[in-house]
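Colleague: I have a structure I would like to understand better, so I am pasting it below and will then ask my questions one at a time.
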Amino acid sequence: MMIENEINKQKSQKLAVLLYDKWIRERQKRPEFRLPSTDNPKELQEIANENFKTQLIEPRQSHLKDLKEVGKSIDFADQVSLLVMMELPVLETSTLLHRLARQIAEDPEATYFSKVNLADNCGCGCGCGCRAMGNLTYQEKIALHHQTKPYSIDPFNELDTPAKVRDTLLVADFLESYQKVSDSITERVNSRYYNIGRLFSKQREA
């Protein structure tokens, strides 16, 4: 049973890395960032809204759609790791990991979605009250949360993750997943694109 669980974990993490790689390639196909040609306030607002939609809203919706489709094939801890990488800027992620490390040192059975972590993990979907913005449009919700707590409006509600599954995730399981998935992404995805960039750079110099 332990061997089977380890095999399933490896399959899950491989799929998570493949999905992340897919998102990187897709984001390169986004429409170009529009620049205003006049100082007209109406045009400036229209361009700002369009840029926000094409650069953040639409890619985010595509990521969540993909994750929802393959969700049953990816361990929940790996889903959380992907969403942390997708939703949180680096500083917020580091703050979250620091808080989790302190928490698990005090309680090895600490759960990830808890009031203790509320300040830092709402970026990856702890149900922190984003649903209270009920009268706003989806884009307005994202914009408001983008300003106050980048970049989420609670993606786990959007993914229809059962509360029982969400609330039983252990900090230890998340940290193990995050380390393995992020290491794999660094090794297999980021390094590959970095090396491709270096290759093209050398070819231009030659």
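Any read-out appearing in this document is the output of simple, stated calculations on the displayed coordinates, not a laboratory observation. Since the model is a prediction, treat every value here as computed from it, not as a measurement. Note that we place each Cβ from the backbone using ideal geometry, even for glycine, and neighbour counts take in every protein chain shown.
Colleague: Which trypsin sites (Lys or Arg not before Pro) in segment 1-84 sit in a loop by DSSP (not H, G, I, E or B) and have at most 15 other Cβ atoms within 10 Å of their own Cβ?
Modeller: K29, R34
Colleague: Grab the Cα-Cα distance for R204 and L170, subtract it from 0.36 nm times how many residues apart they are, and report the gain in nm with one decimal.
Modeller: Full extension from R204 to L170 adds 7.3 nm.
Colleague: Report the gain in length on full extension from S62 to K22: 0.36 nm times residue separation, minus Cα-Cα distance, nm rounded to one decimal.
Modeller: So the chain would gain 13.3 nm between S62 and K22.
Colleague: In the structure displayed, which of K42/K149; K72/K115; K115/K149; K72/K141 lie more than 19 Å apart, Cα to Cα?
Modeller: K42/K149; K72/K115; K72/K141
Colleague: What is the chain's relative contact order, in percent, from Cα pairs under 8 angstrom and six or more apart in sequence?
Modeller: Relative contact order of the chain: 26 percent.
Colleague: Give me D for the chain in µm² s⁻¹, whole number, from Stokes-Einstein with Rh from the Kirkwood sum over alpha-carbon pairs, 10 °C and 1.306 mPa s.
Modeller: 85
Colleague: So, in nm, how far is label Q55 from label T186 when the simple model puts each one 7 Å beyond its Cα toward the Cβ?
Modeller: It is 2.8 nm.
Colleague: 5 Å is the cut-off here: which amide hydrogens, built 1.01 Å from N in the peptide plane, fall below it relative to L170, excluding neighbours closer than 5 in sequence?
Modeller: When sequence neighbours closer than 5 places are left aside, the close amide H contacts are Y112.
Colleague: Taking 0.36 nm per residue of sequence separation and subtracting the Cα-Cα distance, how much length would be gained by fully extending the chain between L35 and K72, in nm to one decimal?
Modeller: Length difference between fully extended and current span is 9.2 nm.
Colleague: Select from segment 1-36 those chymotrypsin sites (Phe, Trp or Tyr not before Pro) which occupy a DSSP coil region and have at most 11 other Cβ atoms within 10 Å, ordered by residue number.
Modeller: F33
Colleague: As a check on your grasp of the helix formula, calculate [θ] at 222 nm for the chain: sum -39500 (n - 2.57) over DSSP H runs of n ≥ 4, divide by the residue count, round to the nearest 500.
Modeller: -20000 deg cm²/dmol
Colleague: While we're on this one: Describe numerically, in nm with one decimal, the distance between label points set 7 Å from Cα along Cα→Cβ at R102 and at A132.
Modeller: 2.4
Colleague: For the chain, which longest stretch is free of loop sites, where a loop site is one of the GluC sites (Glu not before Pro) that DSSP puts outside H, G, I, E and B and that has at most 11 other Cβ atoms within 10 Å?
Modeller: Here the longest run is 110-206.
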